[in-house]
Each structure stands twice: as C-alpha cells, then as structure tokens.
Amino acid sequence: MIATLLAPLTAQTPEALGLKDDAAVLQPPEGHDLILTKDVIVEGVHYLPSDPPDQIAQKLMRVNLSDLAAKGARPLGCLLAAGWHPETSRAWQEAFVAGLGEDQETFGLRLMGGDTVASPKGAFFSLTAFGTVPHGQMVQRTGAQVGDVIFVSGTIGDGFSGLQVGLNRGEGLSLEAREALLTRYRLPMPRMALAPLLQRFATASIDVSDGFIADLSHLSAASDVGAPVRIADVPFSAEGREGISLGLWSWKDFVSGGDDYEILSAIPPARAILFQREAQNAGICVQPIGSIVAAQDGLNILDPEGLYADIPHTGYHHF
C-alpha cells in the first residue's frame, strides 16, 4: 500500500526518502521559522461515511492549511496518518490518495511520511502540516490590542448548514443552495492568499473551526481582551439565509456550528481600510464585525435587532 499508493505522492520530494525509512529529513529555508499544525478528522464527526473519498482527503488537507493561513505561513509539507476500516476497498483508497495528490498540486505542499493502520471501530485520518514564515513573523492569537478592527473572511454558517444538507435536513432548499452548501461543508477553501497579508497587517488571527463565537472567544482570551460582535455585520451566504427563511436553522446555529475554516483577524484601525482593499485585490472578501475592547468589557453578542443575546452553545465540543 505504501509503495504503490502513497510513495508516488512523494515524487521529487527528496526529504521523504521515498517513504522507505521511518522518518523524513527537513531543513526549513534559511531565515525562516517552521510552523507546525495537526488536525484529525473522524468518520461521523468531521465527515459522513457517504462523502466521496477524494473530498474527505481534501478536507483533511484543507483544515490543516487553514491553520497555516491563520498563522501567515506558506505551506511546505505534511505527514499523514490513515486509519482505514479493515474492509476499505482498494478503489476507495485510490480515490482518497488521488484527492490528496490533487490538493498537493493546488496548494504546493508534499507528503513526507506518516503511518497507515487498520481501525476496526471507525475510520480516522490525521495530517501534520508544516509551513514557513520569515523568522519571528508568525501571527499568534495573543497580540490583539484595544481598538483593533475585527475582520472575518468569507461567510459564516455554511459548514453547519452543509452538514445539515448532508444529513438530509435541508427540505425545501433550492437545488442550487443544497449543492453550494454541501460543497462548502465537504470542500472548505483555506484562505491561503490572506497569509502574507496577515503577516503585514494582523496583530492576532485564528481560523474558524470550532465555531465563530468559540474561536473569537479563544482569540480574545489569548490576547486578554474583549470583543463585542454585531450579528447584523457577520456575513452569511445567500444559500445559508435561504435556510434561515425556511426555518431550517437560525443565526445562532451559524455562529456556533463551526467547520467554516474562515479567518478571524485583528487589524490596527489605521490599517484596516488598506487591509480590506488588499484582501479584495487578492480575491478574498473580509468583513469588519466589531472592534477589540478591554477585557473587563467581555465578549458581547448583539443580535440582528441590536439587542444583547445569550448563546449558551458557542461551538463544537468533543468532550
């Protein structure tokens, strides 16, 4: 399996040693820091058994790339751990590997090693991704300052609503909306074009994986600041709003559902307009949704009518 399925992904990657050893050899470019991140996706939690295997592999790749993007990092390589069902067909495995290969070409990183095991109680896949930034320039969660403008990329809630469609809970949605939301759930798009801009502009950033409110809370806690959020300013897609109008879900589901893989960032106010303009030039829409305040003012949510809202469930919890 390693020789015929996975080794071809390491072609022209001398660091991987052809997957013939127990380790790889990697030297980051001179003057750069190596940025490491790791995500696991588990059947029934992060993807559905009915999802196409190539898209499962691509989601695995992209959720890790989203973390690298939020740190301002350029992708370099990865390690894969694959826990297959013992009865997984060769065709399924080949489609999975083909998806990995396609995204390697799209995003410019290479498989350098990993492990493959049988997993009788449910499939899982884990990727450790490496990226690089110029020395000392990784964008952390800890640097947000009072007065910084909070931006979010893309739209929020499509991951949650796409999962509902995948679970056959999208009754009444148009075919176009169903397909768009399901694609957003299965194939999130990491905002790699934002990475160099975050290096230049951001005091702090985080990707939205656990949930919009949960991840904003993580950033605020790490920076010891507060953050009021106007839900009226949080960008929701037209397809997601279609489901709200049908009563299939609510805005509270969108800001707590997770699986969006957009980027939340804190930008100094004097540079906010330029950041927004350069992001647009890079093909990514970023929307201001509030400003950083002092820690004692807390994380406050203003509902679409401008009233304070209580959201007991702020994001996904594994335990």
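Structural remarks
- Yes/no for Asp215 being touching a strand residue (DSSP E or B) at 6+ places or on another chain (Cβ under 9 Å), among the acidic types (Asp, Glu) and crowded, with 21+ Cβ neighbours inside 10 Å: yes
- The range 27-41, residues that are at pLDDT below 90 and open to solvent by 50 Å² or more (accessible area, probe 1.4 Å): Gln27
- Within the range 74-91, residues that are closer than 12 Å to Leu9 by Cβ reach partners that are polar (S, T, N, Q) and in a loop (DSSP other than H, G, I, E, B) with beta carbons closer than 8 Å, at six or more positions or on different chains, in the pairs Gly77/Thr13.
- Listed by first and then second residue, the pairs linking a residue in the range 109-134 that is on the phi > 0 side of the Ramachandran plot to a residue that is among the small types (Gly, Ala, Ser) and open to solvent by 40 Å² or more (accessible area, probe 1.4 Å), with Cβ atoms under 9 Å apart and 6 or more places separating them unless they lie on different chains, are Gly113/Ala23; Gly113/Ala24; Gly122/Gly44.
- When Gln145, Gln140, Gln164 are checked against the criterion of being of a type in the set (S, T, N, Q) and within 18 Å of the chain's Cα centre (by Cα), a single residue qualifies: Gln140.
- Conditions (1) among the hydroxyl-bearing types (Ser, Thr, Tyr); (2) closer than 25 Å to Ala195 by Cβ; (3) under 22 Å from the mean Cα position of the chain (by Cα); (4) open to solvent by 10 Å² or more (accessible area, probe 1.4 Å): number failed by Thr314: (2)
- Residue within the range 234-246 that is among the aliphatic types (A, V, I, L, M) and more than 30 Å from Glu179 (Cβ to Cβ) present: no
- Residue count, the range 239-275 (criterion: free of Cβ contacts under 8 Å to residues at least 12 places away in the same chain and surrounded by fewer than 16 Cβ atoms within 10 Å (Cβ to Cβ)): 5
- Figure legend. Inter-residue proximity from the range 29-43: first residues assigned to a loop (DSSP other than H, G, I, E, B), second residues open to solvent by 50 Å² or more (accessible area, probe 1.4 Å), beta-carbon distance below 8 Å, spacing 6+ or different chains. Indicated pairs: Gly31/His135.
- Checking Arg90 against (1) more than 28 Å from Ser205 (Cα to Cα); (2) basic (Lys, Arg); (3) surrounded by 14 or more Cβ atoms within 10 Å (Cβ to Cβ), the condition it does not meet: (3)
- Residue ID - nearest to Pro288 (Cα to Cα), chosen from residues in the range 123-160 that are among the small types (Gly, Ala, Ser) and in a strand (DSSP E or B): Ser153
- Pair list, Cβ under 8 Å, 6 or more apart: the range 141-167 residue free of Cβ contacts under 8 Å to residues at least 24 places away in the same chain, other residue open to solvent by less than 10 Å² (accessible area, probe 1.4 Å) and of a type outside the set (Ser, Thr, Tyr): Val165/Leu181
- Restricting attention to the range 93-126 and to residues that are out of contact with any strand residue (DSSP E or B) (no Cβ under 8 Å at 6 or more places or on another chain) and farther than 23 Å from Met189 by Cβ, the residue that is surrounded by the most Cβ atoms within 10 Å (Cβ to Cβ) turns out to be Glu94.
- Residue in the range 177-199 that is outside any helix (DSSP H, G or I), more than 16 Å from the chain's Cα centre (by Cα) and small (Gly, Ala, Ser) present: no
The values are calculated or read from the model by the stated rules, or taken from the named source; none is laboratory data. From a predicted model like this one, the values you see are computed outputs, not experimental measurements. Here the Cβ is made from the backbone with ideal geometry for all residues, glycine too, and neighbour counts use every protein chain on show. Surface accessibility is based on the protein's heavy atoms, side chains included, excluding ligands, DNA and RNA. Shrake-Rupley method; radii C 1.70, N 1.55, O 1.52, S 1.80 Å.
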